Amino acid sequence: MKKCLPIILLLLLAGNMLHAQLTRYVIQFKNKGTNPYTIANPAAYLSAKALARRAAYNIGIDSTDLPVTPRYIDSVRLAGAVTVLNVSKWLNQVSIQTTDAAALTKINSFTFVQSVTAIAARTASNNSTMVPFDKFETERNLISMPALTQRTNNTTADYYSYGNTYNEIHLHNGEFLHNIGMRGQGMMVAMLDAGYYHYTTLKAFDSVNANNQVLQTWDFVAREASVIEDDSHGMSCFSTIGGNIPGQFVGNAPKANFVLYRTEDAATEYPIEEHNWACGAERADSIGADVISSSLGYTTFDNSSLDHTYADMNGRTNMSTRGGVIANRKGILLFIAAGNDGTNTWHYLSSPSDADSVVTVGAVTTAGIVGNFSSYGPSYDGRVKPEVAAVGVAAYVQDPGNNISAGNGTSYATPKMAGLGTCLWQAFPEFNNMAIRDALIKAGNIYTAPDNRTGYGVPDMKKAFVTLLNKFAKITTASVSNCTASIAWKTKDVSSMSFEIERLAPGETAYTKVATVQGQGSVLATHTYSINDALNNVLAGTIKYRIKQVVDPTATSYTATYFDSASVTLATSCIATVAADKITVIPNPVAASQFTLRVETAYAVTNLNIRITDMKGSLMAEQKKTKLAGRADFIIPVGYLANGKYVVSAYNGDALIGSTNLIKL
C-alpha cells in the first residue's frame, strides 16, 4: 500500500529541516525485492577472500549480503535534485544529500521506502586546513616527551628492536607472538577512521609503503579513493599496528596488509558518520578483511536533537552498532575504542563499542593503571564493557610532523590491541573470530573479577596463545603392541618449544617422564610427532599418558601446558628377566643437569634408596623410590653438583643393590 502524508505536514517537515540546515538523509528501504543479485551467486558481490572466510567458519550467505536493489537506488536518485552518498546493504539504507523538498516528498511516497530520516547538516569543506574544529585534537601530542633515540630492548632475544615501544608491547607479552613468527603476515586489517594524513611519506610507514601492504583506500565522506589529505587521527592509529622504525617505534602487526577507510568527518559530528561507518565495515567484509580496528565513537551530535542516550547503548539500537554486530556475524574480529569520556558528565561508552560481539578497548598506562579519561562501562543492558585494555596513556604514535610523539586516548589503545589480536589469529586460523575474542578475554589479568574500566583487564598474549593451543593440540593415536606403546600428537610449535611425555603405569601413584621431544621450525606451524615407549617392567592394566608442551623454556618466564591425555590397555605384564642386581649411570660422564639411573633387580623394591656421595663419603643427595621386578629407570638431577667424581649407590632398605662411580663434567 502506498504511503501518503498530508502535503502540509511534509512541507512543515522540510521547512524545519532546512531551518536546521539538515540536508542529508537516510532512506530506509523495506526490502530487497526485484533484486538482480542472488544468494546462489555470491561471487557477484563478495571477493574470493570474503567467501573463503565464510567457508572456513561455516558462515552462510543471507539477505544482508545482497546489494541494495539497484532499482530502488535509481528511483531515489531520479526523484529530483538528489545526490546519492553511500549505500548500506547490511542496513538496507542509502544516504543522500538534497535541499529539494519535492524530492523528499516523492521519495517518501515510494512503496518500497520505509522511512526518510534527516541525519546531518550540509557537507563541510573537505580541505583539512579549513575545518573549524578537530574533535580528535585532545588525543594528540598531549605529553611533552624527550626526543626519541635509537634504543635497544631489555632483551636481545626479541625479533624486533622495539626501542621506546617495548614497554607497551611487553605489558601484554606481545613480543612472544612476534618471536614465534606471528607478525601479521597474510592477515588483512581494515581501519575506519577520520583520515590517514600523509601516511605515504611519513617514516613509520616506510616498510608498509615499500611492501605495498595497503591494499585499498576509500573516503566515504568525500567519495573518492584518496585518504591522505584529511585528518591525521587515523594515520596515528594506523602507525601503532603497521609502523616500523627499528630501535625506536614498532607497531604490533607490522607485516599485516591494510585497507584504510575514511568514514568520519572530523569537522562535524552527525549520525551520517555512523551510516558511513556501517558502509565501511561492509566494504571491509566484501574485500575479505579479517580484522576491523576503529577508534571512533558516537554519543552526542552537533544537533542535540539527534543525540544518543545511555539507554541507546544496548548493543542493538544505533546504526554503527548494528553494523558492528553484522560485521561480527560475517566472521570479522572487531576492536572498538571505548571512548575518552571518563571525566565528563557523560562518562559511558559510545557506539559502536556497545555491540555485544566486538572487543571494546579501554586505556591504561604501561604499568596497567587505567587512564582517568577512559570511558566507563557497562553497556546499558549490563554487559561487561570494555572487554580489555591496552596502553593508551602516553602511548607512542607517529604524528603528522614526522615525529614519534605520545598522546592519550583509547583511540591508540584500540589499534595496539587490534594488532596483537591480529597476530594471535594468525597463529590459529583454525578458530573463528569469537574464539579469538574469547581467548583475549580469558587472558585478562582480572578475568575472574572484571570491572567497568578495563573489563577483564590487560590480556597476556602468551596466556591467550596457551588457551588456543589447548583447544588445538591433541593426541591423535595411542596404542600398544609387544610391550611397546606408540603415542602420536598434533600441535603448533617452534624449535624453542619442547614436549615431555609422561606415563602413569598400573600400580604407580605419580607420572614419570618417559620421553622428551624438541620442537622444530623458526615460525609457528602445525607439526605431528610420535614416540615409542618400551614398557619394561610394566604390569598389565590401563596405562595413562599425558603430554606437556613447554611453550617458553626461559627460567624467568617458564610456561608449559598439559594439552591432552590418553590411555592404552596392556593385556599382559611386561616384566624383564634380570640375571643379577645391577645399577648403571646413563650417560657417564654426565655433562648435562641430569642423568638416568638404571636399577635392575629380579624382585620388586618398595623402599629403594638412591644416594650420591662425594669421594670422602659425604652425602650429597638422596632420593626415595619404588620399583617393580625387572629394570627401572630414574631421572636424577645433578645440576647442583660441582664437576668431579662421585659415587652413586642404590639400596633396598639398608641392603646394597649396587654402586658405581659418576663423573660430573
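The values are calculated or read from the model by the stated rules, or taken from the named source; none is laboratory data. Keep in mind the model is a prediction, meaning the values are calculated, not measured. No Cβ is skipped: glycine too gets one built from the backbone with ideal geometry, and neighbour counts run over all protein chains shown.
Under 6 Å between Cβ atoms, which residue pairs at least 6 apart in sequence (or on different chains) link something in the range 252-270 that is among the small types (Gly, Ala, Ser) with a partner that is in a loop (DSSP other than H, G, I, E, B) and crowded, with 24+ Cβ neighbours inside 10 Å?
Ala253/Gly184; Ala256/Gly184; Ala266/Ala194; Ala266/Asp231
If a residue must be surrounded by fewer than 24 Cβ atoms within 10 Å (Cβ to Cβ) and of a type in the set (S, T, N, Q), how many such residues does the range 231-247 contain?
Of the residues in that region, 1 qualify.
Considering only the range 77-93, I want to know if a residue exists there that is modelled with pLDDT of 95 or more, in contact with a strand residue (DSSP E or B) (Cβ under 8 Å, 6 or more places away or on another chain) and over 19 Å from Glu274 (Cα atoms). So that I can check it myself, show each step before the final result.
Taking the range 77-93 and keeping what is modelled with pLDDT of 95 or more, we get 77-93.
Narrowing the set further to residues that are in contact with a strand residue (DSSP E or B) (Cβ under 8 Å, 6 or more places away or on another chain) leaves 77, 82-88, 91-93.
Retained after the next criterion (residues that are over 19 Å from Glu274 (Cα atoms)): 77, 82.
Yes: the range 77-93 contains one or more residues that are modelled with pLDDT of 95 or more, in contact with a strand residue (DSSP E or B) (Cβ under 8 Å, 6 or more places away or on another chain) and over 19 Å from Glu274 (Cα atoms).
Residues of the range 189-214 being in contact with a Phe, Trp or Tyr (Cβ under 7 Å, 6 or more places away or on another chain), surrounded by fewer than 23 Cβ atoms within 10 Å (Cβ to Cβ) and hydrophobic (A, V, I, L, M, F, W, C), which ones?
Selection gives Val214 alone.
Scanning for something among the β-branched types (Val, Ile, Thr) and either under 24 Å from Ile336 (Cβ atoms) or crowded, with 21+ Cβ neighbours inside 10 Å (or both), does the range 218-225 turn up at least one residue?
yes
Hey, among Gly409, Gly401, which residue is at positive phi and either touching a Phe, Trp or Tyr at 6+ places or on another chain (Cβ under 8 Å) or surrounded by fewer than 24 Cβ atoms within 10 Å (Cβ to Cβ) (or both)?
Gly409
Return the pairs, sorted by first residue and then second, in which the second residue is of a type in the set (Ser, Thr, Tyr) and part of a loop (DSSP other than H, G, I, E, B), the first residue lies in the range 345-357 and is farther than 9 Å from Thr299 by Cβ, the beta carbons are less than 9 Å apart, and the residues are 6+ apart or on different chains.
Correct list of pairs: His347/Ser375; Ser353/Ser375; Ser353/Ser379; Asp354/Thr317; Asp354/Ser379; Asp354/Tyr380; Ala355/Ser379; Asp356/Ser379.
From the set of residues in the range 447-486 that are among the β-branched types (Val, Ile, Thr) and surrounded by fewer than 16 Cβ atoms within 10 Å (Cβ to Cβ), which is nearest to the chain's Cα centre (by Cα)?
Looking at residues that are among the β-branched types (Val, Ile, Thr) and surrounded by fewer than 16 Cβ atoms within 10 Å (Cβ to Cβ), I get Thr448.
Of the numbered conditions (1) at pLDDT below 95; (2) surrounded by 13 or more Cβ atoms within 10 Å (Cβ to Cβ), Cys4 satisfies every one except a single condition; which is it?
The number of the failed condition is (2).
Tell me the strands (runs of 3 or more DSSP E) entirely within the range 476-559 that contain at least 2 residues that are polar (S, T, N, Q).
Where strands (runs of 3 or more DSSP E) fall fully within the range 476-559 and carry at least 2 residues being polar (S, T, N, Q), they are 484-493, 512-518, 525-534, 541-552.
Take Ala50 and decide whether it is modelled with pLDDT of 95 or more and either surrounded by 12 or more Cβ atoms within 10 Å (Cβ to Cβ) or part of a strand (DSSP E or B) (or both).
For Ala50, the condition - modelled with pLDDT of 95 or more and either surrounded by 12 or more Cβ atoms within 10 Å (Cβ to Cβ) or part of a strand (DSSP E or B) (or both) - is met.
Exactly one of these conditions fails for Met182: (1) at pLDDT 95 or above; (2) on the phi > 0 side of the Ramachandran plot. Give me its number.
Here Met182 clears every test but (2).
Out of the residues in the range 500-520 that are free of Cβ contacts under 8 Å to residues at least 24 places away in the same chain and either exposed (fewer than 12 other Cβ atoms within 10 Å of the Cβ) or in contact with a Ser or Thr (Cβ under 8 Å, 6 or more places away or on another chain) (or both), state the one that is nearest to Asp552 (Cα to Cα).
My answer is Gln518.
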